[in-house]
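Enquirer: Take a look at the following structure, please.
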Amino acid sequence: MPIVLLREGTTETKGNQAQRNNITAAKTIAEIVRTSLGPRGMDKMLVNNLGDVTITNDGATILKEMDIQHPAAKMMVEISKATDNEVGDGTTSTVVLAGSLLSKAEELISKGVHSTVIVDGYRMASEKAIEILKNASTKVDPADRQMLGKIARTSMASKLVSVNSEPLSKIVVDAVIAVAEKADGHYKVDIDNIKIEKKAGGSIEDTKLIQGIVLDKEVVHGAMPKRIEESKIALLNAALEIEKPEMSAEIRISEPQQMHMFLEEENRMLKSMVDKVSASGANVLLCQKGIDDLAQHYLAKEGILAVRRVKESDMNNLAKATGGRVLSNIDELSADDLGYAKLVEERKVETDKWVFVEGCKNPKALSILIRGGSQRVVDEAERSVHDAIMAVKDVVEYPYVTVGAGAPEVYISQKVREWSASLSGRSQLAVERFADSVEEIAIALAENAGMDPLDTQTQLRAKAALAKPKYGVDVINGKVTDMAAKDVYEPLKVKEQIISAATEVSSMILRIDDVISVSKSGGSGPPPGGGGMGGPNPYMGM
């Protein structure tokens, strides 16, 4: 009698076939984003099932927007997301390096080297590479605006906004330094304190830093003032409305006078609430919940500018920016709880009316208003500014930098290759392949710039014997040159993350030798898109 272990419709792929399928899927993902690496990288147009279009060369965004089906390919997407969340930049490089590591491992597997040996070799090489990189990096002053500006410009050099990188980098550096807080000799930056608002219209040059908060809301009542200088701001997390009972209740009214008294009492309660706001000295009220129509009328009579239904995150940022306290009970409101801003004003931004809270004292929260010719341009500019903010944050928190443009990768490759000579056994082969793989990032930069990859590789290797890496790929002029002189710098934290993340995901994929796939429907075949992974497979679906 046959022994049935797996239910009907389950497929199993074992050994080299399973490894080959997983490696091919991961390599395919790497090939997709490879052409978008660097300042000369190409953009991808992604169209979802609703017809919405995203145009970007940001690796994490490309992979996030694609509907990946293959489980090994999904691991590449996850490592890209993790890199984006952790350091904000280097997502494309991580995926390209992981794909290269798997490609080199495939060569060794075909020659009979066991996957475990390759994984051990990669792990040793990764640790050595990070050690070499740390020794070759330069420590900087985390408050050095000039160096932070170079970091921001390098991050934006490969983006759509590269032409405007000079003014944007100044905005980014000013924003990060403003919200950075020093504790125990180290800086910490919470980027949630930097609010990014975007609005199509104008040009990218119209992007500006606002020392305060932009609210995508309008003043609630037409009779209220639209501009108040020397603002005293009440922040309220309570509705200026009559509370309804929690259980269903009814009031029986037997004569019209009672109805009149009932309405009068409601009016009196609302007037009392407004009087409490006015008595505190506030001339601006920002409320997280609703404001009754009658309360709006009373507020307008008192000359108070009011905004309702402000987001909780905005309320927290307003408290940090203005120095006010968010109160849940209007009875507790006093002059000590009020925030201060030089100006609160409603302005028209394209077709919408937004409220700007500007000139806050010692703002620990602020806003960047991004403009651009179209919605697609604004969306890509937002992604670029976010990456630049993260890159500057990385240096402020971990003040080490290295020259960019492929220089550190070629330097690591050379040093790891030299170190591999001191090893013995088959793991030495894996370490050598690791060195070759790291070099692929510089080669991809050269290919995307239309340079000859072989000539570039030989020139880079000849220059890599220096004490510190500085010769990289000048993609603008199409030659190998001193990139330190061109002020191309990247955070060490990003480079370390790229190496460790790519090594981890490639090691995880290499250790899989058996794929058991259960059909979602319980039918006789694998799920569409490659759950079975035994036969022909597109590895992904759009």
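Enquirer: Considering segment 407-422 alone, what residues qualify as being surrounded by fewer than 21 Cβ atoms within 10 Å (Cβ to Cβ) and without any contact (Cβ under 8 Å) to a residue 40 or more places away in the chain?
Expert: Within segment 407-422, ARG417, GLU418, ALA421, SER422 qualify.
Enquirer: Could you say which residue among SER93, SER80 is in contact with a Gly (Cβ under 9 Å, 6 or more places away or on another chain), over 30 Å from ALA421 (Cα atoms) and either part of a helix (DSSP H, G or I) or at pLDDT below 85 (or both)? Let's see the steps before the verdict.
Expert: Values: SER93 fails: over 30 Å from ALA421 (Cα atoms).
When all the criteria are applied, what remains is SER80.
Enquirer: So which residues in segment 47-70 are buried (at least 18 other Cβ atoms within 10 Å of the Cβ) and farther than 22 Å from LYS159 by Cβ, if there are any at all?
Expert: Once the filter is applied, which keeps residues that are buried (at least 18 other Cβ atoms within 10 Å of the Cβ) and farther than 22 Å from LYS159 by Cβ, segment 47-70 yields ILE68, GLN69, HIS70.
Conditions (1) over 18 Å from ALA501 (Cβ atoms); (2) among the small types (Gly, Ala, Ser); (3) surrounded by fewer than 23 Cβ atoms within 10 Å (Cβ to Cβ), marked per residue:
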site	(1), (2), (3)
ALA129	no, yes, no
ILE132	no, no, yes
LYS139	yes, no, yes
PRO142	yes, no, yes
ARG145	yes, no, yes
ALA152	yes, yes, no
MET156	yes, no, no
LYS159	yes, no, no
VAL163	yes, no, yes
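Enquirer: Let me ask something else. Search segment 56-78 for residues being of a type in the set (Val, Ile, Thr) and under 16 Å from the mean Cα position of the chain (by Cα), and hand back the single one that is farthest from LEU445 (Cα to Cα). Even if it seems obvious, please write down each step before you answer.
Expert: Taking segment 56-78 as the starting set, the residues that turn out to be of a type in the set (Val, Ile, Thr) are 56, 61-62, 68, 77.
Narrowing further to those that are under 16 Å from the mean Cα position of the chain (by Cα): 56, 61-62, 77.
Numbers: THR56: 17, THR61: 19, ILE62: 18, VAL77: 21 Å.
Checking each candidate, the answer is VAL77.
Enquirer: May I ask you to verify whether SER155 is within 21 Å of the chain's Cα centre (by Cα) and under 30 Å from ARG417 (Cα atoms)?
Expert: Numbers: within 21 Å of the chain's Cα centre (by Cα): yes; under 30 Å from ARG417 (Cα atoms): yes.
Taking the combined requirement at face value, the residue satisfies it.
Enquirer: Then there is this: Over 14 Å from VAL385 (Cα atoms), touching a His at 6+ places or on another chain (Cβ under 9 Å) and surrounded by fewer than 20 Cβ atoms within 10 Å (Cβ to Cβ): which single residue out of ALA183, ALA223, ALA200 fits that description?
Expert: Details: ALA183 fails: touching a His at 6+ places or on another chain (Cβ under 9 Å); ALA200 fails: touching a His at 6+ places or on another chain (Cβ under 9 Å).
Criteria check complete, one pass: ALA223.
Enquirer: Let me ask something else. Restricting attention to segment 114-137, report how many residues are at pLDDT 85 or above and within 21 Å of THR402 (Cβ to Cβ).
Expert: 11
Enquirer: Moving to a separate point now. For segment 260-281, check the following and say yes or no: at least one residue is in contact (Cβ under 8 Å) with a residue 24 or more places away in the chain, under 17 Å from VAL355 (Cα atoms), touching a Leu at 6+ places or on another chain (Cβ under 7 Å) and among the small types (Gly, Ala, Ser).
Expert: No, segment 260-281 has no match at all.
Enquirer: Would you mind stating whether GLU380 is crowded, with 17+ Cβ neighbours inside 10 Å, outside the structural domain of ASN135 (by TED's automatic domain parsing), of a type in the set (Asp, Glu) and farther than 18 Å from SER158 by Cβ? Spell out how you get there, then give the answer.
Expert: On the way: crowded, with 17+ Cβ neighbours inside 10 Å: yes; outside the structural domain of ASN135 (by TED's automatic domain parsing): yes; of a type in the set (Asp, Glu): yes; farther than 18 Å from SER158 by Cβ: no.
Considered against the rule, which asks whether it is crowded, with 17+ Cβ neighbours inside 10 Å, outside the structural domain of ASN135 (by TED's automatic domain parsing), of a type in the set (Asp, Glu) and farther than 18 Å from SER158 by Cβ, GLU380 comes out as no.
Enquirer: May I ask you to say which residue of LYS493, LYS470 is under 32 Å from the mean Cα position of the chain (by Cα), at pLDDT below 85 and within 25 Å of LYS415 (Cα to Cα)? Explain how you work it out, then say what you get.
Expert: Details: LYS493 fails: at pLDDT below 85.
On inspection, the qualifying residue turns out to be LYS470.
Enquirer: So in segment 285-306, with the set limited to residues that are within 17 Å of LEU215 (Cα to Cα) and outside any loop (DSSP other than H, G, I, E, B), which one is modelled with the lowest pLDDT?
Expert: ILE291
Enquirer: Being in contact (Cβ under 8 Å) with a residue 24 or more places away in the chain and in a strand (DSSP E or B) narrows it down to one of LYS182, LYS199, LYS217, so name that one. Can you show your working first?
Expert: Working: LYS182 fails: in contact (Cβ under 8 Å) with a residue 24 or more places away in the chain; LYS217 fails: in a strand (DSSP E or B).
After applying the criteria, what remains is LYS199.
Enquirer: As an exercise: evaluate VAL214 against (1) buried (at least 22 other Cβ atoms within 10 Å of the Cβ); (2) over 30 Å from ALA295 (Cβ atoms) and give the number of the one condition it does not meet.
Expert: Result: VAL214 passes all but (2).
Enquirer: Here is a follow-up. Just give me the residues in segment 44-76 being touching an Asp or Glu at 6+ places or on another chain (Cβ under 8 Å) and outside any helix (DSSP H, G or I), in sequence order.
Expert: Those that are touching an Asp or Glu at 6+ places or on another chain (Cβ under 8 Å) and outside any helix (DSSP H, G or I): LEU46, ASN48, THR54, ILE55, THR56, ASN57, ASP58.
The values are calculated or read from the model by the stated rules, or taken from the named source; none is laboratory data. This structure is a prediction, so every number in the text was calculated from the model and none was measured. No Cβ is skipped: glycine too gets one built from the backbone with ideal geometry, and neighbour counts run over all protein chains shown.
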